[in-house]
Amino acid sequence: MTLPPGKIPIDILKNVVFKHLGSARKEVTLGPAAGIDGAVLDLGEKSLIVSMDPITGAVERIGWLAVNVNANDIATFGVEPAFLFSCILLPENSGKKTVETISQQMDAATRELGIAIVGGHCESTPGLTGPIVVCCIMGTTGKDQYVTAGGAKPGDKLILTKSAGIEGTAILASDREAELTKALSTETLSKAKHFYSQISVVKEALTAFRTGGVHAMHDPTEGGVLNGIHEMAEASGIGVRVFKKEIRVQNETEQICQHFKIDPLQLISSGALLIAASEESAQKITGKLYEQNIQASIIGEFLEDKEQRLLVTEEGKTKKLARPVSDHLWTALGRQDTA
């Protein structure tokens, strides 16, 4: 079987990867699980939250993205990211300037978030066509003072911050700029390229958690908002109903997705945050986020029946919530410009 681009299918994750997890240790409070983007280790009076993700792509932003995407995963536990290890793999014949560029980006991003870079590895790797940066970020908190993506409860409201497809919009605006120049206005394309500035969810995750009433949080990355919702429901063992008309899609994202004939709800969405909160707390949380100038909308609710994953269309019809096979970013990047 040939794997699709991006994350491996969930059945392979469950039936292959999760069956080979080494030795069992009592310190592991939360280990690998579908829809969970980090681990929790018991340190006695404290819990250690750990997460790791790779970033591939052009050098211009790779170090900055690697820090922010991993910091987001820690923040979704309601925990402040604190320590970072990195592994930087570079194509053969890379020069000192490439190392310096990535290092400066990571330094700037970690200083902004209050994270210390405490170790890692850097090498020139035969066979690579582009750089890969893998980061592992950790944060500590009081024992059991965190949430996971799997804590949503039936009756909880589902909140989405910002909008769908943020990271995908920025990537396509940058990587397909020459093509999009023919289809979008200069102003629209410029705004889309600056969507990278929206990618951190640390502020909103910590704000929501500290407001109270949060049962689960998850940042939708590959597969977009729809896949993120599926992961949250699966991790929590419950169902979900989503109202499409409540999901915000920014104009720049809409135009780019129309050009590439892709679904913004299935486009990589780092920068958005999904929050499951008690019904009585949801409005208070969105109010606190608005005070921080963070857009937030209640887009759905969690259900008792785990088989019910539903989407209410803008016309009011209820249908099955689509689950992406692969992120629509890959569809767009694989499309040839025929204009």
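Coupling constants for region 82-95 follow from the phi torsions by the Karplus curve (6.51 cos²θ - 1.76 cosθ + 1.60, θ = phi - 60°), and in residue order they are 10, 10, 10, 10, 10, 10, 10, 10, 10, x, 4, 6, 5, x Hz; glycine and proline get x. Pair-distance distribution P(r) for the chain, from all Cα-Cα distances in 10 Å bins starting at 0: 6, 25, 35, 26, 8, 1, 0 percent. Listed by chain and number, the aspartates and glutamates whose C-alpha is less than 12 Å from the C-alpha of K46, apart from same-chain residues fewer than 8 away, are E27, D144. Comparing I294, I166, I74 in a Gaussian network model of the chain (Cα springs below 10 Å), the most mobile by mean-square fluctuation is I294.
For the chain, a Gaussian network of Cα nodes joined below 10 Å ranks K319, K182, K162 by mean-square fluctuation, and the top entry is K182. Helix content alone sets the calculated 222 nm mean residue ellipticity of the chain: runs of n ≥ 4 DSSP H residues at -39500 (n - 2.57) each, divided across all residues, give -10000 deg cm²/dmol. Would you mind checking region 79-101 for residues with the amide N under 11 Å from a putative spin-label position 7 Å along Cα→C-beta of L206? Label zone hits: 79-82. Over the Cα atoms of region 174-271, Rg to Rh with Kirkwood Rh, two decimal places? My calculation of the ratio gives 1.03. If I model a spin label as a point 7 Å beyond the Cα along the Cα-Cβ vector, how far apart are those points for H20 and D175 in nm? About 2.8 nm separates the two model spin labels. When every alpha-carbon pair in region 103-143 is counted, what percent end up more than 14 Å apart? Result for the distance tail: 60 percent. The length gained by stretching the chain between E315 and Y290 to full extension, at 0.36 nm per residue less their Cα-Cα distance, is 6.2 nm. Rounded to the nearest 20, the Cβ-based charge dipole of the chain about its Cα centre (Lys and Arg +1, Asp and Glu -1) stands at 280 debye. Here the chain carries DSSP beta bridges of which approximately 75% are antiparallel, counting only pairs with both residues inside.
Between E246 and E280, the modelled label-to-label distance comes to 2.0 nm, taking each label 7 Å out from Cα in the direction of the beta carbon.
Remark on T148: its backbone amide H falls under 5 Å from those of M217, a criterion applied only to residues 5 or more positions apart or on other chains, H modelled at 1.01 Å from N. The length gained by stretching the chain between E45 and I8 to full extension, at 0.36 nm per residue less their Cα-Cα distance, is 9.7 nm.
Here the Karplus relation 6.51 cos²θ - 1.76 cosθ + 1.60, evaluated at θ = phi - 60°, turns the backbone of region 44-49 into coupling constants of x, 7, 10, 10, 9, 9 Hz, with x for every Gly and Pro. Distances between placed amide hydrogens fall under 5 Å for L321 paired with R309, L310, L311, all partners being 5 or more residues away or on another chain.
Taking the alpha-carbon centroid of each part, what is the distance from region 236-271 to region 51-84 in angstrom? First find each Cα centre; the distance between them is then 22 Å.
Listed by chain and number, the lysines placed with their C-alpha closer than 21 angstrom to that of K14 are K306; residues fewer than eight positions away on the same chain are left out. Using a 10 Å Cβ count of at most 13 others and DSSP loop calls, identify the longest part of the chain lacking such GluC sites (Glu not before Pro). No qualifying site falls inside 93-303, the longest such stretch. For region 324-331, putting each phi into the Karplus relation 6.51 cos²θ - 1.76 cosθ + 1.60 with θ = phi - 60° gives couplings of x, 7, 8, 4, 6, 4, 5, 4 Hz, in residue order, rounded to whole numbers and with x for Gly and Pro. Extension gain, Q145-S124: 0.36 nm per intervening residue step, less the Cα-Cα distance, totals 3.5 nm. Max-minus-min Cα coordinates of region 157-334 on each principal axis give 47, 35, 27 Å, with the largest extent listed first. Dipole orientation for the chain: of the candidates T2, Y290, A58, T2 has the Cα lying most toward the positive pole (charges on Cβ; Lys, Arg +1; Asp, Glu -1).
Taking every DSSP bridge with both residues inside region 215-339, close to 65 percent are antiparallel. Hey, which of these cross-link pairs are over 32 Å Cα-Cα: K284/K319; K19/K284; K191/K244; K7/K319? Table pairs above 32 Å Cα-Cα are K19/K284.
Values in this text are rule-based calculations from the coordinates and carry no lab data. Just so it is clear, the model here is predicted, and its values are computed rather than measured. All Cβ positions, even for glycine, are placed from backbone atoms using ideal geometry, and neighbour counts span all protein chains on display.
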